[in-house]
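Report on the following structure.
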Amino acid sequence: MKIVIGEGSCGLAAGAGKVHSRLDVLFSESNPANAEVTITGCNGMCFLEPIVDIYDDGGELHRFVHIKEKDAEVIHDAVCSNDLSKLDSLRISDEDASFLSQQTRIALRNCGNINPMSIDEYIATGGYVALEKILKGMSQDDVIDEIDKSGLKGRGGAGFSTAFKWRAAKAADDAEKYLICNADEGDPGAFMDRAIIEGDPHALVEGMLIGAYAIGASEAIIYVRAEYPLAIKRLENAIKEATEREYLGKNIFGSNFSCSMRIKAGAGAFVCGEETALIESLEGKRGMPRLKPPFPAQSGFWFKPSNINNVETYANVPWIIANGGNAFAAMGTDDSKGTKVFALTGKIKRGGLVEIPMGKTLREVIYDIGGGIRGDKEFKAVQLGGPSGGCVPASLLDTKIDYKTLGQTGAIMGSGGMVVMDKTTCMVGMARFFLDFTAKESCGKCVHCRIGTKRMLEVLDRIVKGEGKDGDIEMLEDLCIAVKDGALCGLGQTAPNPVLTTIRYFREEMEAHIAEKRCPAGECVDLITYSIDKDKCIGCSLCARKCPTEAITGEIKSPFEIDVDKCTKCGNCRTVCKYEAILVK
Amino acid sequence: MAIKYTIDGIEVIAEQGETILSSATRAGVEIPTLCFSDKTAIYGACGVCVVEAEGVPKLLRACSAIPQDGYVVRTDTERVLRARKTAFELLLSDHTGDCRGPCKLKCPAGTDCQKYVNEIKDGKYYDAVATIYDVFPLPASIGRVCPHPCEDACRRELVEEPISIAFLKAFAADKVLASDNKYKITTGADSGKRVAIIGGGPAGLTAAVKLREYGHAVTIFDQQPKMGGMLRYGIPQYRLPKEILDAEIAIIEEAGVVMKNNVKLGKDIQFNEIVKTYDAVLVAIGAWTSVPMSVPGEDLDGVLGGIYFLEKLGHGERPVVGEKVAVCGGGNTAMDACRTAVRLGAKEVYVVYRRTRNEMPAADIEIEEAEEEGVIFKFLTNPIEIYGENGKVTGMKLQKMELGEPDESGRRSPVAIPGATEDIKVDNVFMAIGQVANCEGVEGVELTRKGTILCDEMTFRTNIPNVFAAGDVTNWGAGIAIEAIEEAIKAAFCINNFLEGDEVRYKATYFVEREVTPEEFEDREKQHREKMPGPTPEERIKSFMPVYDGFTEEQARAEASRCLECGCHDYYDCKLIKYANWFDVEPARFGGSKRERPLLEIADVIEHNADKCVLCGLCYRTCEQVEGKTFIGLYNRGFETVINPMFPRIEAAAYCATCGKCVDVCPTGAMRKKF
């Protein structure tokens, strides 16, 4: 039997490390069935972490969820006695299991299935076959043509044709070229790339090697954010293993193709996810975007032709080479081929990583895979694309997920952040949150972004405080359009999107803040007061116990009361109340 | 192979690889830039060079975009203008400084006081006078009589006292008048257009000069024997010697202004005739009618409007006054009347004013000097009756007043104390409570309810298409001379536009201004203002001799050296302010916070003011790419980004060559050489 603990960052955060240690101790003390305790990356079901998968001797997978340290004893006992029925109370429900069964996993194909620290496990799933295939029988153009056939677009946000970029970089007349991976995943709420690196680092290494061969680069660099220490560790191991097996190095598979690979840890600036700023940062300069054109394919790292894709894009590449571009293109829509990974978060029942073929609707992802809104509350909107994206309202839930259709809503596909909001989320506050992020992360180079985002933020600050003025919305719109047009890079050009979509779909909500000094969602602290509905309160005292300022008092089994002078409007009471007895006005 | 494309309809030929900016500039299309320099790599930060090319979804930065054959590029689309204007507005919303000093901004005519004061400091008196003439003529006269709002605004007051700007003006003008190299007005090429100006006071004379500068033929009609208007007939000789005024009017006459005196409208010449004969007419007849007090006894012998009293002196008369004279009112005319009465031999001269000294509209110095000359101020009194015997005035009944609530003007209103009155014996009463216009003879021109000429505030046009008005006669009524001059300058601008067939409207220039606090000036060494030499009060009252001798040269230069030079040193070269006015910016619409940062000293010789910095990066890029140094660079992120030494702990000398190139390339006044 094999006991596999999900040890992505999400699993570890939920306590997988303690479960692992305990199991190690128990199995070192007694292991009659000769069971193996090992790890895997995140399988995407973050909402069930820590997860322990047990493969029985027949190779069948049994999945157990929300495992606590104390459960290790039961697991040990069940494994030792070869009776997994002892663990039935921990077994994943059929409903939760459907989270995975409704997905099509290409980029995430190995995540949660193999040990990311073991190249053998990667090879066992067909790893490095694609690399061998191209080096033994495909020209650079053949590779690019295959990628072209697949229709793969860059998964980092802009959605630019991968084959087009590769072709441009290949065509650039220079002996020295670079292939770069953008692993500076910075959108709040996005963790697709982290999961891939932590769960299947060799897929990235192999994908990059294929790309490097295609464009003619002999050095590959992964720019990964320093906030991903586990990803860096696993990637370092993968590079080491691949070098040892001579998948990396000189004359790979006996061909003329040689390539080295290294990691560069970023220093935490969001804008370094913008490809030209990333290049500046790689060169040791302040992370500020360069003017395009020239594009990196002509003049990139050290002004040499360079190709930059993100992690998910590269992770798809070995699969496409192995299975053929047509197989990839068979999935998705006319406009958008293949699959896309989303990080489903927010007020959702089943949050985690979801990979689906393009063309599914938002409703399918949120309701069928994600299980709908937590607490069965009313769905309000979903935020796509993080600070560069926008919110899509309930009326557009049946929007198909592809680059073009999402773009028409005012949101963007982005890198895959998908934050679900219910009626208690203030959309003005949401726009303010993202703008606060971009204003802080603006590199300060161009005027429109440096000062424009600041001014927009100031107006939104005013509005959420109930100090908005007539004409603020119009001024914001005007400023947003000017910033979109005038900003230097993608960060500034897309920074107004959250504001514009809020104005487009939730104008009334914004107007209520300005004209009536009212927050309809009951979230803007300066505009609300908390009270308890005496008819609904059963006097359970839960809210009083969760109140950080002891503002809630009362007798058990009779309605409680909130002292508004002590109340800091943190919202804890509202969150914990099971009877909807907390009123926010 | 050359690339052919059009920009704003103009055909442009670009070299292979040449940018839109470079090729368009060559073709004469101006594209604004702040961060561009041909000596450094393209940067693309400012975003003010954006243009739109048909079929290209995004706006292009002209500094980097390479045109393609057949491109149709526009710089005047709504998108382009919005993006550019917004960039300037955003920059200005975070820009703290004084484009111009408060002296210039508060001068109604917008005289560049800081400039001429500093020219005087440097001994360049002719340049100083030219600086004044750039705005208006008559500097020696106005320098003597102006209540100088510039000095009220002068920040030197926060150190000790404001600069004596007006006296310095008179000093420089006197100096040049007395020299062989008198100031000569440069007139424009003959336009073939003729303008008539009715009224030869400060407004009429100023407009005449401006219109001559535009190249129009100008004739001034005036009912008085000589030109000068109120400067001649309202201001006593002891304040403005008429020889000075004559000399300055002569300069105007030399500029080709035809001056016709003793011409009374409606009698000697008909207004309609003038309107028909001339291409444009400016009515600048002033406000010459004294406002009556409407109290019993006003018609008694010995009671006269203050302005009429002064006018008599202007005509060379020496009216006889009795021993006791009362002047009613608290303005400058009242001061002129009471001090004139003293000089004519009156023993007791009262100023009857219904409020207190604090509320007096007259200039402080006038009040002080009147007091020195023995004038008795009866504050909080209001005449309610003038007594007389045999038709001649003998006394006045005064109502005692107290101050009540502030009125619309912010001054506390006087309120009668019931039953409290006082009688005084007087031989003459001069009423100086205000002057109004008399538009008799100005036929067909629509008037306001006050009897002034109704004219548009931005075009100075009346209801008759080619008739304009300026000065005391317009809407708001009488004010100070420099305000009449202000209107004349604007009206002349509008008349010129009208004659050239352009949009007539006057457009105010946008400036960046800032607030200051006294703390900012705490470290300044005190250097008190120069005392104006002149006769003692006892000597003064014996005749109409000038009350001031004028500054000596030494004094003038010392006084001028006190100037704090508030206005930005880079105003004339600043691209930001140039474009701000080009794009009619309204940065106030954003409101929002501004960065406030201390001045950065670079190697003790260069000063960087982050509050004026637009972060174009030219300074540090020039340092790096042209000089090969890395002394300065960007620090912080987002809105907080500033220029900073790259290695603050290392001695500047190790990195900075003090070449000053960073200052030279700065498009605003953020960089300054201290050497």
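When the range B:201-227 is examined, which residues are found to be outside any helix (DSSP H, G or I) and either modelled with pLDDT under 95 or surrounded by 22 or more Cβ atoms within 10 Å (Cβ to Cβ) (or both)?
First, the residues of the range B:201-227 that are outside any helix (DSSP H, G or I): B:201, B:215-227.
Selection gives B:GLY201, B:HIS216, B:VAL218, B:ILE220, B:PHE221, B:ASP222, B:MET227.
Which residues, counting only those in the range B:568-595, are in contact with a helix residue (DSSP H, G or I) (Cβ under 7 Å, 6 or more places away or on another chain) and under 15 Å from B:THR509 (Cα atoms)? Passing the criteria: B:TYR571, B:LEU576, B:ILE577, B:TYR579, B:ALA580, B:PHE583, B:VAL585, B:GLU586, B:PRO587. Of the residues examined, A:THR125 is one that is surrounded by fewer than 21 Cβ atoms within 10 Å (Cβ to Cβ), assigned by TED's automatic domain parsing to the domain that holds A:ILE252, within 30 Å of A:ASP368 (Cβ to Cβ) and modelled with pLDDT of 95 or more.
Scanning for something surrounded by fewer than 23 Cβ atoms within 10 Å (Cβ to Cβ), within 14 Å of chain B (Cβ to nearest Cβ) and not in a loop (DSSP other than H, G, I, E, B), does the range A:319-330 turn up at least one residue?
Initially, the range A:319-330 is screened for residues surrounded by fewer than 23 Cβ atoms within 10 Å (Cβ to Cβ), giving A:322-327, A:329-330.
Still in the list and also within 14 Å of chain B (Cβ to nearest Cβ): none.
No, there is no match, as no residue in the range A:319-330 is surrounded by fewer than 23 Cβ atoms within 10 Å (Cβ to Cβ), within 14 Å of chain B (Cβ to nearest Cβ) and not in a loop (DSSP other than H, G, I, E, B).
Assess whether B:LEU618 counts as being surrounded by 18 or more Cβ atoms within 10 Å (Cβ to Cβ), in contact with a Pro (Cβ under 9 Å, 6 or more places away or on another chain), of a type in the set (A, V, I, L, M) and more than 14 Å from every other protein chain (Cβ to nearest Cβ). Step through it out loud before you land on a result.
Working: surrounded by 18 or more Cβ atoms within 10 Å (Cβ to Cβ): yes; in contact with a Pro (Cβ under 9 Å, 6 or more places away or on another chain): yes; of a type in the set (A, V, I, L, M): yes; more than 14 Å from every other protein chain (Cβ to nearest Cβ): no.
In short, no.
Among the residues of the range B:636-675, those identified as over 18 Å from B:ASN609 (Cβ atoms), aliphatic (A, V, I, L, M) and outside any loop (DSSP other than H, G, I, E, B) are B:ALA653, B:ALA654. All conditions but one from (1) at pLDDT 95 or above; (2) within 20 Å of A:LYS484 (Cβ to Cβ) apply to A:VAL420; the one that does not is (2).
For the structure I just gave you, tell me whether B:ILE66 is more than 31 Å from the chain's Cα centre (by Cα), within 14 Å of chain A (Cβ to nearest Cβ) and surrounded by fewer than 24 Cβ atoms within 10 Å (Cβ to Cβ). Here the answer is yes, as B:ILE66 does meet what is asked.
Please go through the range B:592-604 and pick out each residue that is away from chain A (no Cβ under 11 Å) and part of a loop (DSSP other than H, G, I, E, B).
Our first condition is that a residue be away from chain A (no Cβ under 11 Å); within the range B:592-604, this holds for B:596-604.
Hits for the range B:592-604 are B:GLU596, B:ARG597, B:PRO598, B:LEU599, B:ALA603, B:ASP604.
Residue by residue, here is whether (1) away from chain A (no Cβ under 14 Å); (2) closer than 21 Å to B:ALA41 by Cα holds:
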| residue | (1), (2) |
| --- | --- |
| B:PHE590 | no, no |
| B:ILE606 | yes, no |
| B:ASP611 | no, no |
| B:ILE650 | yes, no |
| B:CYS656 | yes, yes |
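Taking every residue in the range B:55-67 that is over 19 Å from B:CYS35 (Cβ atoms) and pairing it with any residue that is not in a loop (DSSP other than H, G, I, E, B) and not β-branched (Val, Ile, Thr), at least 6 positions away or on another chain, the pairs with Cβ-Cβ distances below 9 Å are B:PRO67/B:LYS4; B:PRO67/B:TYR5; B:PRO67/B:ALA14; B:PRO67/B:SER23; B:PRO67/B:ALA24; B:PRO67/B:ALA53; B:PRO67/B:LEU60.
Any chance the range A:492-511 includes a residue that's out of contact with any strand residue (DSSP E or B) (no Cβ under 8 Å at 6 or more places or on another chain), facing another protein chain (nearest Cβ under 10 Å) and not in a helix (DSSP H, G or I)? Taking every residue of the range A:492-511 in turn, none turns out to be out of contact with any strand residue (DSSP E or B) (no Cβ under 8 Å at 6 or more places or on another chain), facing another protein chain (nearest Cβ under 10 Å) and not in a helix (DSSP H, G or I). If you go through the range A:263-299 and keep only what is within 25 Å of A:GLU227 (Cα to Cα), buried (at least 24 other Cβ atoms within 10 Å of the Cβ) and in contact with a strand residue (DSSP E or B) (Cβ under 6 Å, 6 or more places away or on another chain), you end up with A:CYS272, A:GLU275, A:LEU278.
Taking the options A:ASP461, A:ASP436, A:ASP485, name whichever one is assigned to a helix (DSSP H, G or I), facing another protein chain (nearest Cβ under 9 Å) and of a type in the set (Asp, Glu).
Working: A:ASP461 fails: facing another protein chain (nearest Cβ under 9 Å); A:ASP436 fails: facing another protein chain (nearest Cβ under 9 Å).
Being assigned to a helix (DSSP H, G or I), facing another protein chain (nearest Cβ under 9 Å) and of a type in the set (Asp, Glu) holds for just one of A:ASP461, A:ASP436, A:ASP485, which is A:ASP485.
Conditions (1) at pLDDT 95 or above; (2) outside the structural domain of A:GLU241 (by TED's automatic domain parsing), marked per residue:
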{"position": "A:ASP56", "(1), (2)": "no, yes"}
{"position": "A:HIS66", "(1), (2)": "yes, yes"}
{"position": "A:ASP71", "(1), (2)": "yes, yes"}
{"position": "A:LEU131", "(1), (2)": "yes, no"}
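How many residues are in a helix (DSSP H, G or I) and either under 28 Å from the mean Cα position of the chain (by Cα) or not assigned by TED's automatic domain parsing to the domain that holds A:ILE210 (or both) if we restrict to the range A:232-283? Show your work before the answer.
Of all residues in the range A:232-283, those in a helix (DSSP H, G or I) come to A:232-244, A:252-254, A:270-273, A:275-282.
Those left that are additionally either under 28 Å from the mean Cα position of the chain (by Cα) or not assigned by TED's automatic domain parsing to the domain that holds A:ILE210 (or both): A:232-242, A:270-273, A:275-282.
Total meeting the criteria: 23.
A residue that is more than 10 Å from every other protein chain (Cβ to nearest Cβ), out of contact with any Leu (no Cβ under 6 Å at 6 or more places or on another chain), buried (at least 23 other Cβ atoms within 10 Å of the Cβ) and touching a residue at least 24 places away in the same chain (Cβ under 8 Å) occurs nowhere in the range B:74-92. Taking the range A:396-455 as the range and being surrounded by 24 or more Cβ atoms within 10 Å (Cβ to Cβ), among the polar types (S, T, N, Q) and under 22 Å from the mean Cα position of the chain (by Cα) as the test, the residues that pass are A:SER415, A:THR438, A:SER442.
Each residue in the range B:49-63 was checked for being facing chain A (nearest Cβ under 8 Å) and either more than 21 Å from A:ARG290 (Cβ to Cβ) or β-branched (Val, Ile, Thr) (or both), and 1 of them qualify. Would you mention how many residues in the range A:464-482 are part of a helix (DSSP H, G or I), touching a residue at least 24 places away in the same chain (Cβ under 8 Å) and farther than 30 Å from B:SER64 by Cα? Residues in the range A:464-482 being part of a helix (DSSP H, G or I), touching a residue at least 24 places away in the same chain (Cβ under 8 Å) and farther than 30 Å from B:SER64 by Cα: 3 in total.
Test A:PHE257 against the stated conditions and say whether it is more than 14 Å from chain B (Cβ to nearest Cβ) and at positive phi. For A:PHE257, the condition - more than 14 Å from chain B (Cβ to nearest Cβ) and at positive phi - is not met. B:ILE495 meets each of the listed conditions (1) surrounded by 15 or more Cβ atoms within 10 Å (Cβ to Cβ); (2) touching a strand residue (DSSP E or B) at 6+ places or on another chain (Cβ under 8 Å); (3) within 29 Å of B:ILE433 (Cα to Cα) apart from (3). The residue pairs whose first member lies in the range B:621-641 and is facing chain A (nearest Cβ under 9 Å) and of a type in the set (Val, Ile, Thr), whose second member is in a helix (DSSP H, G or I) and crowded, with 18+ Cβ neighbours inside 10 Å, and whose beta carbons are closer than 7 Å, counting only pairs six or more residues apart or on different chains, are B:THR641/A:ARG450.
Taken over the range A:78-132, residues that are in contact (Cβ under 8 Å) with a residue 12 or more places away in the chain, closer than 23 Å to A:HIS66 by Cβ, of a type in the set (Gly, Ala, Ser) and not in a helix (DSSP H, G or I) amount to 1. On the stretch given as the range A:427-446, residues that are out of contact with any Ser or Thr (no Cβ under 8 Å at 6 or more places or on another chain) and over 22 Å from A:GLY268 (Cα atoms) total 1. The single residue among B:GLY374, B:GLY419, B:GLY404, B:GLY391 that is among the small types (Gly, Ala, Ser), modelled with pLDDT of 95 or more and surrounded by fewer than 19 Cβ atoms within 10 Å (Cβ to Cβ) turns out to be B:GLY374.
The values are calculated or read from the model by the stated rules, or taken from the named source; none is laboratory data. On a predicted model such as this, the values are computed, not experimentally measured, just so you know. Here Cβ is always computed from backbone atoms with ideal geometry, including for glycine, and neighbour counts include all displayed protein chains.
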